[in-house]
1. So for the range 241-248 (the condition being in contact with a helix residue (DSSP H, G or I) (Cβ under 6 Å, 6 or more places away or on another chain) and in a helix (DSSP H, G or I)), does at least one residue qualify?
2. Look through the range 85-97, keep the residues that are surrounded by fewer than 17 Cβ atoms within 10 Å (Cβ to Cβ) and outside any strand (DSSP E or B), and return whichever of them is modelled with the highest pLDDT.
3. Take the conditions modelled with pLDDT of 95 or more, buried (at least 22 other Cβ atoms within 10 Å of the Cβ) and not in a strand (DSSP E or B) and apply them to residue 236. Does it pass?
4. Tell me which residues, restricted to the range 426-466, are part of a loop (DSSP other than H, G, I, E, B) and closer than 29 Å to residue 329 by Cβ.
5. Any idea which of 336, 346, 269 is over 22 Å from the mean Cα position of the chain (by Cα) and surrounded by 21 or more Cβ atoms within 10 Å (Cβ to Cβ)?
6. Give just the number: which of (1) at pLDDT 95 or above; (2) assigned to a loop (DSSP other than H, G, I, E, B); (3) surrounded by fewer than 18 Cβ atoms within 10 Å (Cβ to Cβ) does residue 475 not satisfy?
7. In the list 77, 59, 106, which residue meets the criterion of being more than 18 Å from residue 348 (Cβ to Cβ), modelled with pLDDT under 95 and within 18 Å of the chain's Cα centre (by Cα)?
8. Give the residues of the range 342-384 that are part of a helix (DSSP H, G or I), out of contact with any helix residue (DSSP H, G or I) (no Cβ under 8 Å at 6 or more places or on another chain) and farther than 22 Å from residue 76 by Cβ, sorted by residue number.
């Protein structure tokens, strides 16, 4: 599919008195009384803080919208501090094009943009988003963000955003099918499986699918879109192949690329991948697994909740992805053209608070803060939790009914959260470059051609890919 700072003169929003203080940056005084909501006509004319974001894929009833509404309730006395969520249609590529066009032309007034983590260098380099105030970079509150997740906000040693929701590849599997075949895998939350173990399990199961309706060893997203880039980068990372340095300069070679391509082809062949994976995105691969056409599935965290309604009585479980897993997710940044950047940063601080991050985790997203995965995590905002509860109550009620998958109760949920937190601490990034859009299209084109070739030749494919990537990362 696939994560703003605060001000030195402002405490974290959350109490009624904070409203007046927030307005101190744009008004003459801050007294904390009711009269503080009476702003000048100029302030009231500013209208809402507009947040542009992609669609919520969790099916949670839009936790992002619920968090915006919680902010608005806490600032009900000020028209200037009300926020509005604008959800952009289409896939990631379409959303990126819409945001680039709107910010470059000024055709839409966005104050906060929820950017895919791979877009941060491009938007920062183009001057479309504002760096965080230097005085707040590295503040104590930032230290609670998972380090590798927070690193996605940085470009050229400046932080341009705060992590909102993150993502990481996970491995879902059918424990009943493994047990029936007497396959013993360490299923503890701390277990680190290897691809060789997965290959061995698939061989023991005797799986060798030719058609889509036959059960495969595993499935994933190999359609020519961003999912293919993610799977390729994970295979490359496992083979020790790094495409760029920290400054976005190309740092690989044809020989290195061949190692990565060979690793990807091994996953397809030795893993006995579902034939439909070559045309599968997140939805299609999730469906194939849920309907029994694969024993293992590489997918994102939101699949954990989605499978609960898709699997019926069939059990499923989750573990860390063998080898390296790629980070996904979105980060919140203030646009360079925002007329009230201070208020926009305050909103971002609220949306990425410990309580808000817990709401995101409860709704099916992966949270960006380490504390959310610990025993002392702060609970979700009560009114947001209540808004999300209908889905949670239904799941809890279903867990007590006869025929519900074994192990999908509180203990399994707690184990899943531990697995997710651990996976995020070791995840890898896709290349950090302002030319990411061109990079991912070139990579997808070459890799897809290799995957669909009758006799794939990785040495030749690596030479061609190396030449193409050198052009891309040079900005040509």
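The values are calculated or read from the model by the stated rules, or taken from the named source; none is laboratory data. Treat the numbers as computed from the prediction; the structure is a model and nothing was measured. Cβ sites come from the backbone with ideal geometry, for glycine too, and all protein chains shown count toward neighbours.
1. no
2. Filtering the range 85-97 for residues that are surrounded by fewer than 17 Cβ atoms within 10 Å (Cβ to Cβ) and outside any strand (DSSP E or B), the one modelled with the highest pLDDT comes out as 97.
3. Yes; evaluated as a whole, the condition is true for this residue.
4. Selection gives 426, 427, 429, 430, 431, 432, 433, 434, 435.
5. Result of the check over 336, 346, 269: 346.
6. Among (1) at pLDDT 95 or above; (2) assigned to a loop (DSSP other than H, G, I, E, B); (3) surrounded by fewer than 18 Cβ atoms within 10 Å (Cβ to Cβ), residue 475 violates only (1).
7. Going through 77, 59, 106 in turn, the sole match is 59.
8. none
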